[in-house]
Amino acid sequence: MAIQFGSRPLFKSDTLIAIGDIHGQDLKLESLLSKILPLAEGSHLVFCGDLINRGTNSPRVLDLITEIWEKYPGQVFTIRGNHDWMLLSYVINGNKDWMQYIGKTLEQMKLEWNLPDTLPATICQALKDQGIWQWYYEQALPYYESEQVICTHAPLDYMTTHYMGGRDYAEDFETEKDDADFKYLLDRMRGELMWQFTDEDEKRIDNLVPKFKICGHQFKHHSQPRLFKMRAFIDTGCGCYPTRPL
């Protein structure tokens, strides 16, 4: 029996392709997709969140992802990042606390989609009209988990994972598997999986979560993806720095 850290059914794919934080860099995304597409049958493409804000054209990023999501049904998945949450919080609840981040994106949407204004209802309807709402809100994932891999936006941090009960999975999963309070570590960490940072040199978590872990959200550390034995950090900060790759 495969260890399952979240409540969602485990995904199965022959090949997994993960893309880090795009942050509105449409030209970088377009260039990367030209190297990835077409998707082979049985492969999955996972976007690890923070699709918008900071970059040159966030609405075009969303349009590009919509195109491939529609072209490859059941093969393209998006994980919600904290910047995606900021936009949705504005659209759904009218929350303006994050305008310093989403203001540029809202103006880009008004221009790109020829909108009359940037009011929450207008943006919400535009997301629906563009075919974005379904995958960006309704079907967005808090995490992607298979038998071998866990993809998140923010990293699984050792102390948080330990505090949430991760040690129990490593020590005695089989005997506790029917305990509902014990199961589903990832679901208890949904907020942390959008927001927290971690020490990239911390290796103890690999004993708590013995699956290969892929995440973004760490853009300040390095200009290239970082690959370790049991984890990969793939946010390069390309949304802030023009020379950094996606």
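The values are calculated or read from the model by the stated rules, or taken from the named source; none is laboratory data. This is a predicted model, so every value here is computed, not measured. We place every Cβ from the backbone using ideal geometry, glycine too, and count neighbours over all the protein chains shown. The protein model used for the area step is the full one, side chains on, heavy atoms only, and it has no ligands, DNA or RNA in it. Shrake-Rupley method; radii C 1.70, N 1.55, O 1.52, S 1.80 Å.
Only helical runs count toward this figure. For the chain, summing -39,500 (n - 2.57) over DSSP H runs of n ≥ 4 and dividing by all residues gives -10500 deg cm²/dmol at 222 nm.
Computed with every protein chain present, the accessible area of MET159 is close to 120 Å² [probe 1.4 Å]. For the chain, the longest principal axis of the Cα atoms and the long axis of helix 82-93 meet at an angle of about 60 degrees.
Report the extension gain between GLU107 and LEU119 in nm, rounded to one decimal, defined as 0.36 nm multiplied by the number of residues separating them, less their alpha carbon distance. All intermediate terms of the calculation are to be shown ahead of the outcome.
Numbers: separation 12, 0.36 × 12 = 4.32 nm, distance 1.06 nm.
Taking 0.36 nm per residue and subtracting the Cα distance, the gain is 3.3 nm.
Computed from backbone phi with θ = phi - 60° and the Karplus coefficients 6.51, -1.76 and 1.60, the 3J(HN,Hα) list for the range 36-42 is 9, 7, x, 6, 6, 4, x Hz; x is used for glycine and proline.
Checking the table LYS35/LYS71; LYS12/LYS213; LYS28/LYS211 against a 18 Å threshold on Cα-Cα, which pairs fail? Exceeds cut-off: LYS28/LYS211.
At the residue level, ARG244 shows approximately 50 square angstrom of accessible surface with a 1.4 angstrom probe and all protein chains present. Taking θ as phi - 60° and the Karplus parameters 6.51, -1.76 and 1.60, the scalar couplings of the range 142-152 work out to x, 6, 10, 10, 10, 5, 10, 10, 10, 9, 9 Hz in sequence order, x denoting glycine and proline.
For the range 224-234, backbone phi angles converted through the Karplus equation (6.51, -1.76, 1.60; θ = phi - 60°) give residue-by-residue couplings of 10, x, 10, 10, 10, 4, 10, 7, 9, 9, 10 Hz, Gly and Pro being listed as x. The DSSP beta bridges internal to the range 1-152 are antiparallel in roughly 15% of cases.
Between ARG231 and LYS213, the built amide H atoms are under 5 Å apart, and every one of these is 5 or more places off in sequence or on another chain.
With the simple spin-label model, which puts each label point 7 Å out from Cα in the Cβ direction, the MET99 to PHE11 separation comes to 3.6 nm. To the nearest ten degrees, helix 99-112 and the longest principal axis of the Cα atoms of the chain are 50 degrees apart. Taking the Cα centre of the range 26-127 as origin, sum charge times position over the Cβ atoms of Lys and Arg (+1) and Asp and Glu (-1), and report the length of that vector in debye to the nearest 20. My answer is approximately 180 debye. For the range 58-155, the normalised intensity computed at q = 0.12, 0.14, 0.15 Å⁻¹ comes to -0.40, -0.54, -0.62 (log10 of I(q)/I(0), Debye sum over alpha carbons, equal scatterers, no solvent). By its C-alpha gyration tensor, with a ≥ b ≥ c as the square roots of the eigenvalues, how is the chain shaped: rounded for a/c under 1.5, else prolate for a/b larger than b/c, else oblate? It comes out prolate by the Cα gyration axes.
From the square roots a ≥ b ≥ c of the eigenvalues of the alpha-carbon gyration tensor of the range 1-42, which class results: rounded (a/c under 1.5), prolate (a/b over b/c), or oblate?
oblate
Around the amide H of VAL76, modelled in the peptide plane, lie the amide H atoms of LEU45, all under 5 Å away and 5 or more residues distant in sequence or on another chain. Between TRP195 and ALA2, residue separation times 0.36 nm minus the direct Cα-Cα distance comes to 66.7 nm.
Relative to the Cα centre, the charge distribution of the chain, modelled as +1 at Lys and Arg Cβ and -1 at Asp and Glu Cβ, gives a dipole magnitude of about 620 debye.
Springs join every pair of Cα atoms under 10 Å in this Gaussian network model of the chain, and among TYR137, TYR163, TYR184 the largest mean-square fluctuation is at TYR163. Backbone amide hydrogens, once placed in the peptide plane, bring ILE19 within less than 5 Å of VAL46, PHE47, CYS48, excluding anything fewer than 5 places away on its chain.
Considering only alpha-carbon pairs that sit under 8 angstrom and 6 or more positions apart, the relative contact order computed for the chain is 24 percent.
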